[in-house]
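Read the structure below first, then the notes.
Any read-out appearing in this document is the output of simple, stated calculations on the displayed coordinates, not a laboratory observation. Here the structure is a predicted model, which is why all the values come from computation and not from measurement. In this analysis, Cβ positions are derived from the backbone assuming ideal geometry, glycine residues included, and neighbour counts consider all displayed protein chains.
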Amino acid sequence: MTIAGSDSSGGAGIEADIKTITTHKCYALTNIVILTAQNTKGVCDVTNIPGTMTSSILEENFSDIYIDSIKTGILTEESIPEIKNALDKYHFHGNLVVDPVMVSTSGYDFVNNKILEILTRYLAPYTTVITPNLIEAKAIINTLSGKVQYNGNCLEALEDVFSICNQIHKLTKIKNVLVKGGHQRWKNDAKLLTDVLYISEKNTYYVFYSEMLDSSSTHGTGCTLASAIASNLAHGLSLINAVGNSITYVQNGIKTAPNIGSGHGPLNHLQSVRQYNYEVLVNDEKYALPFKEGQAVQYMCNHPEISPFWEKYTHHPFMKKVGDYSLPLENFTKFVEQNVIYLSNYSHIIMYMAAKGSWKEDLCAVVDKLTTMAQEISKYTTILKKLGYSDKLIEKLKATKECQVYVDALLDVAKDAGDVFDIAVSLTPCFYGYLAACANVKHYPKVGDICSDDTKIELYEDWLKQNQSEWYSSAWIKGEADLNTKFRVNCLSDAKLTRAVQLFKKFTIMEINFLDSFL
């Protein structure tokens, strides 16, 4: 839920929040506390919404929909107590990202120090992170300390920003402070932008460096950043990764801005969102994976959350029925059809790895995977041709519901992944699982006693043998080595490993559902 003001020009406030939240694949609830008449050149009129209305909206939102995260922007003196009352009443324990809006990019003075005092006093106990820019950060310290400690001049060193973060923490008791550096021009490097996140529980300062972009499309950057952080926290990202990915999102939004208006225009909110790992390893300490080098797949298959599903998948009755020839030929034919469709999409998803990986190592791995997929598609189209399918008929094949759901889920991961790791993990259950499942079909019955259909016998035996062949095993060995490398290079935190486990589990279950549909 975003609690903020409305920007009639659509670049900041509630309007920017909704776009940002939606782009991050969250559902946006709203509570407008201020209406503004403005455009890219400035604000000309403001109307506050009565506190009673704010209270009513909060009541309706909280009583009906579970809220993971809340982002606040510009607030009024009337609205802040109502927010606190709602947080108390509904025992809110989610994420609260407070953007203490004081001055817009165009310079309009929205609030006074009294509101700043109320804001920090009422909302501090609930706040996950507060996100002032340097001007707002200095005002917080001056207001709450009761003396002018900072003026509008630029700071001398990065340590000064550290000091500001620490003082805000001590004055407000807010555990995490993000001071945005967009208003700072460093004497030694005017093109460098630094955002500093202070996490008090670790007593650690995390510095995010960005390029200072020469652009007038910066309207709503603070609103957008706070909404992106709240959305990322709702998805379960660590605070470091939530902040890091949100900064990247804002930077990309400025770079690809649509150049709207004649003043400070909006950034591009409707962009593809990628997730990267920004977790900092202290003293160059390497994250220790909970398994021996080269044992990534074995770890996944034996993981408590995965192993029951993996056992069901690799001992699936579909494989048994192929092995004893009891699966009807029409069912096997439908399975082959869907594999042609699935593997074609699988190949497209592999191409995302080329786009998101390093130019050398990952491209080489992609070439190997695409070569393997081409051979696999050829294997299945050959089976269809033996069954009388023409090239034209094969081209017109359509996906079943189970196949389409599976492919769409893989595509979602491929589009959203910040690196190649998530994609590689998601593709693994399919390729590795067929090798394991077919290996479990050990004994063939005396075919004459159980099946007299020579076509079925030939097709089923040939399919099982190909999935147990030296070529298939060799292709998997290369794939396994590549996956182990990706774990070593890309899996650098517990959060990343947990996501890998969930993805492996998800697509193992989808394999089960896929095979179930052909019984």
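By the beta-carbon count within 10 Å of each Cβ, the least crowded to most crowded order of 267, 384, 519, 213, fewest first, is 519, 213, 384, 267. Between 0 and 90 degrees, the angle of helix 239-255 with respect to the longest Cα principal axis of the chain falls at about 80 degrees.
Put the Cα centre of the range 465-487 next to the Cα centre of the range 125-178 and the gap is 54 Å. The ranking of 403, 223 from fewest to most other beta carbons within 10 Å of each one's beta carbon is 403, 223. Helical content of the chain, expressed as a calculated mean residue ellipticity at 222 nm, amounts to -17500 deg cm²/dmol (DSSP H runs of 4 or more residues, -39,500 (n - 2.57) each, divided by residue number, nearest 500).
If R0 is 35 Å, the Cβ-Cβ spacing of residue 471 and residue 398 corresponds to a FRET efficiency of close to 0.70.
The residues 227, 272, 246, when put in order of fewest to most other Cβ atoms within 10 Å, stand as 272, 246, 227. Of all DSSP bridge pairs formed entirely within the chain, close to 55 percent run antiparallel.
Helix 158-172 and the longest principal axis of the C-alpha atoms of the chain enclose an angle of approximately 80°. Convex hull of alpha carbon positions in the chain: directionally averaged projected area 28.1 nm². Measuring nothing but how far apart in sequence close Cα pairs (under 8 Å, 6+ apart) lie, relative to its length, the range 2-280 scores a relative contact order of 19 percent.
Peptides 200-211, 313-324, 364-375 ordered by packing proxy, namely the average of other Cβ atoms within 10 Å per residue, highest first: 313-324, 364-375, 200-211.
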